[in-house]
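The values are calculated or read from the model by the stated rules, or taken from the named source; none is laboratory data. Everything numeric in this text was worked out from a predicted model, so none of it was measured. Glycine also receives a Cβ, built like all others from the backbone with ideal geometry; neighbour counts cover every protein chain displayed.
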Amino acid sequence: MGYERALVSPIPGTTRDYLEAPLELFGIPLVAVDTAGVRETEDPLERMGVERALRIAEEATWYSSWWTAPCPGPPRPPYPGRGP
């Protein structure tokens, strides 16, 4: 993107807002959206970020899930009604 857009931390639960940026891939205009990670949490503010991430995924035409290694076991489908 060419510039800093968010505070970044390796501490789980620190991402709560989402970032979006327009891009073009093979001539196709897209909007990339980076959201909070989807996980169980007791923190009310983090839970709002997770709920927002799920809502954005449900409204998306296409989505991709990314996680960092090491991943504890195979990833679960993060969105109800989607995935394997």
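Quick notes on this one:
- Cβ separations smaller than 7 Å between residues 6+ apart or across chains give the following pairs from segment 26-39 residues that are within 14 Å of residue 58 (Cα to Cα) to residues that are basic (Lys, Arg): 35/52.
Residues checked against (1) within 13 Å of residue 17 (Cβ to Cβ); (2) of a type in the set (Ser, Thr, Tyr); (3) surrounded by 12 or more Cβ atoms within 10 Å (Cβ to Cβ):
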| site | (1), (2), (3) |
| --- | --- |
| 30 | no, no, yes |
| 36 | yes, no, yes |
| 41 | no, yes, yes |
| 44 | no, no, no |
| 49 | yes, no, yes |
| 59 | no, no, no |
| 62 | no, no, no |
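- Flag if residue 23 is within 13 Å of the chain's Cα centre (by Cα) and at pLDDT 70 or above: no
- Consider segment 17-28 and keep the residues that are more than 16 Å from residue 51 (Cβ to Cβ) and of a type in the set (Asp, Glu). The one that is surrounded by the fewest Cβ atoms within 10 Å (Cβ to Cβ) is 24.
- Residues of segment 37-53 that are assigned to a loop (DSSP other than H, G, I, E, B) and of a type in the set (D, E, K, R): 39, 40, 42, 43.
- Members of segment 45-84 that are within 14 Å of residue 12 (Cα to Cα) and at pLDDT 70 or above: 45, 46, 47, 49, 50
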